[in-house]
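Below is one structure, written out as C-alpha cells, with a few remarks after it.
Please treat every number below as a calculation from the coordinates, not as lab data. Worth saying up front: this structure is predicted, and the values here are computed from it rather than measured. Every residue, glycine among them, receives a Cβ derived from its backbone with ideal geometry; neighbour counts consider all protein chains shown.
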Amino acid sequence: MCPRSPPQDFVWAYDDEPHASRRKEILAKYPEIKKLYGPDPMMKYTVAIVVVVQIVACFLLRSSPWWLVMAAAYLFGGTLNHAMELAVHEISHALAFGAAKPVANRVLAFIANLPIGLPMAVSFRKYHLDHHRYQGDEKIDVDLPTRTEGLLFFNTYTKLIWLFFQSLAYALRPFFVNPKPVTRLEILNTTVEIAFMAFIWYFTGARGCVYLICGSLLAMGIHPVAGHFISEHYMFSKVQETYSYYGPLNMLAFNVGFHMEHHDFPYIPGSRLPQVTAIAPEYYLEQNYHWSWPRVLYNFVTDPDVGCFSRTKRPTLLNKPGAEVKTH
C-alpha cells in the first residue's frame, strides 16, 4: 500500500490567503448575504441540551461494563462532544450572542467545554482566529501540520496512526510552532473544567470520566465526524486549499462542512451557511467539494499522493519588516 513516493514538502504559496478577496467579490455581486450576519439565537439551547444529555449519560453508565462505556463513548458520547467542540468553534466567532456580549459568549463556551473533559475553549479561540486571519502562515497558523509530522507519517500505516492521535497533534503543535503566554482566562477555563470533572467522578466514578474524555479523543481520530479535520484544507486537488462538505453529517456538526463558506463569511453562523451556497452557488458548487467524511478519511490514509504535506503554506509574516501582524 502507498507504493509511490509521498509528497516531500508542502504546497507553497506567495499570495495572500484567498478568502478576503473572495468575500469582497461575492458581496459586490450578492450584497444580500450581509443580512445573514449575526448570532444564532438557538445555539445556547442546543449547548444546554447536549450538556445535560451528557451528564445524564454519565449517571446511566456509572455501573455499566467497561465495554459498554467505551462503545457508548465512541458511538454516542464522542459524537455529542465533537458537536460541543464545534459549538466552541462557533462561539469563538461570537456567533452565540454577538460581538457586543463577549462575557456571555465566554460563559457559554465554558459550558460547552464541560462534557469535553479537557479545557480547550479559551486556547482554541486564541489560535483559531489566527487561522482565519493568516491562513497558511507557517508560523502563525497552527492548524497546519509540522514538517516533522509530514516526514514521520507518510504512508498508509503511519497516516492511520497519525489519525488516531490527531487530537494529541492539535494539542501539542502550538507549543512548538507558535507558543503564547497562558492567560488568566485559560487558567479559569482549566479550573472550571477540573471542578466539573471532579463532580462527575464523585457521582459517577471513573466510568463517567472515561466516557467523556475518551469520547472526545475518539471523535477527533478515526470517527466519521472527524473527517472534517481532513476535508477542510487538505489538498486532494492541487489547485484548491479550502473545501466544503455537503453531506448529512453536517446536521451533527453545526454545518462546519460548509467550510469554504465559513472562511468566506466567518460571521455567519453555521445554521445559515447553506443559504450562502444557495445565493452564490457558482462560488461553491463549481469548486471541488466532498460528499462523505468517512470517504475522506479512507482516501487520506490510502492515497499516496495525499498526506500531512498536502497543505498550502505561506512564508510567515513574522519575518517581514513592517508587516502588520495581529494575533489573538
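Placing dummy labels 7 Å off each Cα toward the beta-carbon, the span from MET42 to TYR267 is 2.3 nm.
A simple packing score, the average count of other Cβ atoms within 10 Å per residue, orders the peptides 25-34, 123-132, 284-293, 215-224 as 215-224, 123-132, 284-293, 25-34, with the highest score first. If you run the Gaussian network model on the chain, springs between alpha carbon atoms under 10 Å, then out of PRO18, PRO65, PRO294 the most flexible one is PRO65. Label sites at ALA198 and ARG295, each approximated as a point 7 angstrom past Cα along Cα to Cβ, lie 4.9 nm apart. The modelled label-to-label distance for the pair ALA20/PHE175, using points 7 Å beyond Cα in the direction of Cβ, is 3.2 nm.
Each part reduced to its alpha carbon centroid, the range 1-63 and the range 103-122 end up 17 Å apart. Rounded if a/c is under 1.5, else prolate if a/b is larger than b/c, else oblate: which is the range 1-137, with a ≥ b ≥ c the root eigenvalues of its Cα gyration tensor? Since a/c reaches 1.5 but b/c is at least a/b, the shape of the range 1-137 is classed as oblate. Highest mobility in the GNM of the chain, judged by mean-square fluctuation with C-alpha springs under 10 Å and restricted to PHE154, PHE265, PHE196, is found for PHE196.
Here the chain is treated as a Stokes sphere of Kirkwood radius computed over C-alpha pairs; at 20 °C and 1.002 mPa s its diffusion coefficient rounds to 104 µm²/s.
Across GLY205, GLY227, GLY136, mean-square fluctuation computed from a Gaussian network of the chain (C-alpha pairs under 10 Å connected) peaks at GLY205.
Using Cα centres only, tell me the gap between the range 156-208 and the range 238-272 in whole Å. The range 156-208 and the range 238-272 have Cα centres separated by 25 Å. FRET efficiency for the SER63 to VAL103 pair, using the beta carbon distance and R₀ = 51 Å, is estimated at 0.85. Computed on the range 11-316, with alpha-carbon pairs under 8 angstrom and 6+ residues apart, the relative contact order is 30 percent.
Between ILE279 and THR302, the contour length at 0.36 nm per residue exceeds the Cα-Cα span by 4.7 nm. Spatially close Lys pairs in the chain, defined by Cα atoms under 18 Å apart and a spacing of eight or more places or different chains, total 13.
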